[in-house]
Structure formats: structure tokens, C-alpha cells
Amino acid sequence: MGKVDLKQVHKNLYTAPKDRFSFVETPPLTYLMVDGEGDPNTAPAYAEAVEALYGVAYALKFASKAAGRDYVMPPLEGLWWPTT
């Protein structure tokens, strides 16, 4: 069995049109997520959150691969809100 690539399996979620907004219906999926606030260019919490997210994501990937289920690491996505 080859690597599963979620960007190919759920192509409509990763190939948004460049010239207009579009709505997509996201199927139930399991995600790792961090949520935060502030300027991601200067907030130390942002860098720490991304570091933690990647640490957990790659640990899960390697454990999954060892169990015979390999996949391509999907792109980083996040919710980060400006402070007011």
C-alpha cells in the first residue's frame, strides 16, 4: 500500500480558485490544531505553537508509518486571530 495523500484524496479542499471566493463542504476529518492570537510575525506563542504542532504531527506520522499506514504530511493550516 502506497502513501495516502490527502491533498489528492480531497483535492477540492486544497485547490481553491485564485480569482474568486468559493464555498466547500468539508467532510468529517480529524485534525491537529492550535488556536491563538496576536501577530504571527512577532508573537513568540505562534512559533511555539507551530513547533509543538509539527512535533506532534511528525510523531504521529512515524508511528502510523511503523504500523504500515503511511501518508504525505498535509500542509500547515491554522486559525490565528489579531489582538484588539
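Here, each number is a calculation from the coordinates, and none is a lab measurement. Everything numeric here is computed off the predicted structure, so don't read it as measured data. Here the Cβ is made from the backbone with ideal geometry for all residues, glycine too, and neighbour counts use every protein chain on show.
Using θ = phi - 60° and the Karplus form 6.51 cos²θ - 1.76 cosθ + 1.60, what ³J(HN,Hα) does each residue of the stretch 15-29 get, whole Hz, x for Gly and Pro?
Result, rounded to whole Hz: 10, 6, x, 7, 10, 7, 7, 8, 9, 10, 9, 8, x, x, 9.
Return the long-range amide H neighbours of Gly38 (sequence gap of 5 or more, or a different chain), with a cut-off of under 5 Å between placed amide H atoms.
Trp81, Thr83
Note the full-extension length gain between Glu37 and Met73 as 0.36 nm times their separation in residues minus their Cα-Cα distance, in nm to one decimal.
Working: separation 36, 0.36 × 36 = 12.96 nm, distance 2.48 nm.
Fully extending the segment from Glu37 to Met73 adds 10.5 nm.
Could you work out Rg/(2.2 N^0.38 Å) for the stretch 25-84, with Rg from alpha carbons only? Walk me through the numbers on the way to the answer.
Numbers: Rg = 14.0 Å, N = 60, 2.2 N^0.38 = 10.4 Å.
Ratio of Cα Rg to 2.2 N^0.38 Å: 1.34.
Roughly what would the spin-label model give for Trp81 and Val24, points 7 Å off Cα along C-beta, in nm?
Between Trp81 and Val24, the label points sit 2.4 nm apart.
Which length gain, in nm to one decimal place, applies between Val50 and Val4 when the Cα-Cα distance is subtracted from 0.36 nm times their residue separation? It would help to have the intermediate numbers written out before the result.
Working: separation 46, 0.36 × 46 = 16.56 nm, distance 2.31 nm.
Result for the pair: 14.2 nm of gain on full extension.
Under the rule of at least 5 residues apart or a separate chain, name every residue whose amide H is placed under 5 Å from the amide H of Tyr71.
Placed amide hydrogens put Val4 under 5 Å from Tyr71.
Count the lysine pairs in the chain whose Cα atoms lie under 22 Å apart, taking only pairs 8 or more positions apart in sequence or on different chains.
7
At Lys65 and Thr15, where each label point lies 7 Å from the Cα along Cα→Cβ, what is the point-to-point distance in nanometres?
Label-label distance for Lys65 and Thr15, simple model: 2.7 nm.
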